[in-house]
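Here is the structure we will look at, set down as structure tokens.
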Amino acid sequence: MNNKIHMRALLTAGFLAISGLALAHGDIVPQAVETKGLPPLGEEWAEENPYRAPSEHHDLAVEIGSSAYNQNCARCHGLEAISGGIAPDLRELEASHDGDEWFKERVINGAVRDGAVYMPRMADTLSQEALWAIRTYIESEAAKQ
Ligand code: HEC
């Protein structure tokens, strides 16, 4: 094979492999979320969504949660929290203590079945503040139904 062509073929193959990896990788790794303005909650998980109305931080939480949701959850749970069927519709989770319990369980532990990761452990990367902000955003979308 002509050397120049060989080189190009190698470069192309390398590029495809790298971009393929980057795509696969980008699919799973949660994106850090800036939560400035929301009060820090500490290490211990809150019992209930601390930003639920009438919290004075409700509106900011919805705003932060909206973009955080779109970056980290929408590809599986659907744009604007409307499920496309790949993963459960999160608007169905009641805005109550029980709903909060289940939300925490899933974002902390993820979902693994037969060794396959259906949902990554989001709380490994996203802060408690970011996750409650996402929860607050989902609740505001649910209220629009
Ligand atoms: C890679 C896909 C994927 C991503 C990304 C993802 N999830 Fe999930 N999630 C799932 C699947 C699949 C299930 C259902 C798991 C099961 O039933 O075993 C699920 C279940 C849940 C549940 C339980 C819902 C119920 O009705 O039982 C909650 C809460 C949840 N996810 C929240 C989130 C949040 C919040 C984010 C973003 C921070 C997120 N998920 C990101 C795939 C994903």
Review point. How far, in nm, would the chain grow between Ala143 and Asp59 when pulled straight, counting 0.36 nm per residue and subtracting the alpha carbon separation?
Key: 28.9 nm
Point to revise | Heavy-atom accessible area ranking, 1.4 Å probe, most first, across Val112, Val62 | key: Val112, Val62
Point to revise | Length-normalised contact order of region 31-142 in % [C-alpha pairs under 8 Å, at least 6 apart] | key: 38 percent
Review point. When the chain is fully extended, how far beyond the present Cα-Cα distance does Gln31 get from Ile108, taking 0.36 nm per residue of separation?
Key: 26.2 nm
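How big is region 31-142 by the Kirkwood estimate over distinct Cα pairs, in Å?
14.0 Å
The values are calculated or read from the model by the stated rules, or taken from the named source; none is laboratory data. The model shown is predicted, which means the values in this text are computed figures rather than measured ones. Heads up: the accessible areas ignore ligands, DNA and RNA and are worked out on the full protein's heavy atoms, side chains in. Shrake-Rupley method; radii C 1.70, N 1.55, O 1.52, S 1.80 Å.
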